[in-house]
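The values are calculated or read from the model by the stated rules, or taken from the named source; none is laboratory data. Keep in mind the model is a prediction, meaning the values are calculated, not measured. Note that each Cβ is placed from the backbone with ideal geometry, even for glycine, and that neighbours are counted across all protein chains shown. Side chains are part of the model used for accessible areas, which takes the heavy atoms of the whole protein and leaves out ligands, DNA and RNA. Shrake-Rupley method; radii C 1.70, N 1.55, O 1.52, S 1.80 Å.
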Amino acid sequence: MNRKLFLYLFVMLVFSGCKSNTVRISGTLSNPAPGEYIFLDELKSNELKTVDSVKVTDKGTFNFKLEVKNPSFYLLKISNSNFLTLLVEPGEKLVLSAKHDSLNYPVSVSGSKGTELMAEYNVNLRRTINKLSGLNNIYDQNSGSPQLPTIIESLDSLAQTYLTEINTYTKDYIDKNISSLVSLVALYQQVAPNVYVLNPTKDVKYFVKVDSSLFSQYPEYEPVVTLHQQVKEFLAGMKGETPVAQVPGEGAVAPEISLPTPEGDTIKLSSTRGSVVLLDFWASWCVPCRQENPNLVKAYNLYHKKGFQIFQVSLDKTKEAWMKGIKDDQLDKWIHVSDIQYWNSIVVPLYKIESIPSNLLLDKDGRILASNLRGEQLQIKLSEIFN
């Protein structure tokens with residue numbers, strides 16, 4: 001073998017054995033807003049970190065280039081309510097097209113197997129959500145009908161059928177993709193705020209199954225570590241190893257909370273007596289929490305002068321991530337406290353928190369009026385109280 005041929009083969013072997021860590025993300029948005037920027041956020045267990053941003057061209061095109069060593073989650077977003085979750089792997093070249101105001105449901109995705117799988121799931125989830133919304137429309141149309149009780153019974157039956165269908169589909173989706181990180185995302189899907197497709201109690205074996213598969217592959221990847229810890233704590237609770245306090249129901253006084261603010265001052269929940277209070281549990285790393293925050297800002301601006309207060313408790317891991325979340329979402333007008341202990345926070349067993357976002361609406365005496373009011377439900381309830 002001559003020297004030139006040997007060198008050629010050596011170079012080919014070296015480069016064929018090394019996979020590029022470069023990921024390219026490009027796309028086209030229909031009807032882009034002039035001067036609009038699109039952002040790329042890295043999704044960690046305790047924060048969303050913006051790693052890059054580019055200006056969308058007049059033709060709606062954009063391009064990102066980044067280095068990743070392992071499969072990782074990112075958010076491609078225009079705003080906190082208009083984003084697409086990506087699962088990218090080293091060497092992938094992701095290409096997508098989407099409507100400017102609907103990144104969540106792209107018209108097409110290619111070049112990234114994980115992202116394609118998640119987009120496929122979103123189509124089926126959206127179909128279920130649309131079906132359930134259709135049932136609400138039927139109810140509204142017949143609200144004054146003498147046949148309403150019969151109609152409600154029929155609608156409830158249909159709703160249960162739709163929920164069972166998406167539950168079965170999700171389990172099958174996880175089984176087919178058990179070795180992929182997309183199975184982790186599937187565990188936490190919702191058809192409405194705090195209405196999860198999978199129930200951690202009834203469907204616990206799927207949480208265990210995903211944990212068993214992914215923790216062996218990605219023992220240091222933060223979202224996987226978080227799931228592993230949650231599963232371990234949940235199973236311990238089921239076995240009775242960790243006593244869990246019972247959350248008082250409506251009419252009962254909410255348990256006392258006494259935690260530090262970002263400035264280091266300790267504030268008690270009871271110090272808000274005399275105001276109607278939304279006790280809200282959130283974290284900067286929690287995407288649904290961040291999506292709900294604009295609704296809290298709206299509620300606060302409308303009703304604070306009438307006696308409404310927000311007492312927001314964070315399950316963040318770091319003070320920096322917590323404070324950045326407050327600043328980015330413009331939440332600095334109300335009360336914030338946290339012990340920065342993540343799922344080990346003292347409030348988790350005290351209020352039996354299994355997921356966030358989670359909230360309680362308290363009257364002026366600290367008694368529970370309602371729980372987990374989101375979006376329009378919160379606005380309606382506050383309007384009843386103050387108007």
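Each residue of region 23-38 was assigned a 3J(HN,Hα) from its phi angle through the Karplus curve 6.51 cos²θ - 1.76 cosθ + 1.60 (θ = phi - 60°); the sequence is 10, 10, 10, 9, x, 9, 10, 7, 6, x, 6, x, x, 6, 10, 10 Hz, with glycine and proline shown as x. Note on residue 365 and residue 320: the extension gain reaches 12.9 nm, defined as 0.36 nm multiplied by sequence separation minus the Cα-Cα distance.
Sequence-ordered 3J(HN,Hα) estimates for region 199-205 from the Karplus curve with 6.51, -1.76 and 1.60 and θ = phi - 60° stand at 9, x, 8, 5, 10, 4, 5 Hz, glycine and proline given as x. Working from the Cα coordinates of region 237-387, the gyration tensor eigenvalues give, after taking √(5λ), semi-axes of 22, 19, 15 Å in decreasing order. To the nearest ten degrees, helix 375-386 and the longest principal axis of the Cα atoms of the chain are 20 degrees apart. With a simple spin-label model that places each label point 7 Å from the Cα along the Cα-to-Cβ direction, the separation between residue 387 and residue 236 comes to 4.7 nm.
If you take all other residues with their beta carbon under 11 Å from the beta carbon of residue 26, and give Lys and Arg +1 and Asp and Glu -1, the sum is +3.
Helix 222-238 and the longest principal axis of the C-alpha atoms of the chain enclose an angle of approximately 40°.
For a quick check: with amide H placed at 1.01 Å from N, whose amide H comes under 5 Å from residue 86's, ignoring anything fewer than 5 positions away on the same chain? HN-HN under 5 Å from residue 86: 74, 75, 76. Near the amide H of residue 81, within less than 5 Å, lie no amide hydrogens of residues on another chain or at least 5 residues away, with H placed in the peptide plane. Note on residue 110/residue 145: beta-carbon distance plugged into 1/(1 + (r/R0)^6) with R0 of 56 Å gives a FRET efficiency of 0.70.
How charged is the neighbourhood of residue 217? Take every other residue with its Cβ under 13 Å from the Cβ of residue 217, and add Lys/Arg as +1 and Asp/Glu as -1. Summing Lys and Arg as +1 and Asp and Glu as -1 gives -3. In the context of the full set of protein chains, the chain has a per residue accessible area of 52 Å² (1.4 Å probe).
For residue 99, the amide hydrogen comes within under 5 Å of the amide hydrogens of 30, 107, counting only partners 5 or more places away or on other chains and with H modelled in the peptide plane. Out of every Cα-Cα pair that region 267-316 contains, those further apart than 18 angstrom amount to 34 percent. Rounded to the nearest Hz, the phi-derived 3J(HN,Hα) couplings of region 279-287 under the Karplus curve 6.51 cos²θ - 1.76 cosθ + 1.60 (θ = phi - 60°) are 8, 10, 9, 8, 6, 5, 7, 8, 4, where x marks glycine and proline. Between the beta carbons of residue 126 and residue 256, assuming R0 = 45 Å, the FRET efficiency works out to 0.60 to the nearest 0.05. What is the helix-to-structure angle for 3-16, meaning the angle in degrees between its Cα long axis and the longest Cα principal axis of the chain, kept from 0 to 90 and rounded to the nearest 10? Relative to the chain, helix 3-16 is tipped by roughly 10 degrees. What's the carbon and sulfur percent of the chain's accessible surface, probe 1.4 angstrom, rounded to a whole number? Taking all protein chains in place, the chain shows 53 percent carbon and sulfur surface.
Three principal axis extents of the chain based on alpha-carbon atoms, in descending order, are 90, 55, 52 Å. Need one word for region 119-265: rounded, prolate or oblate. Basis is the Cα gyration tensor (sqrt eigenvalues a ≥ b ≥ c); a/c below 1.5 gives rounded, then a/b vs b/c decides. It comes out oblate by the Cα gyration axes. From its DSSP helices (H runs of at least four residues, each -39,500 (n - 2.57)), the chain gives a residue-normalised ellipticity at 222 nm of -13000 deg cm²/dmol.
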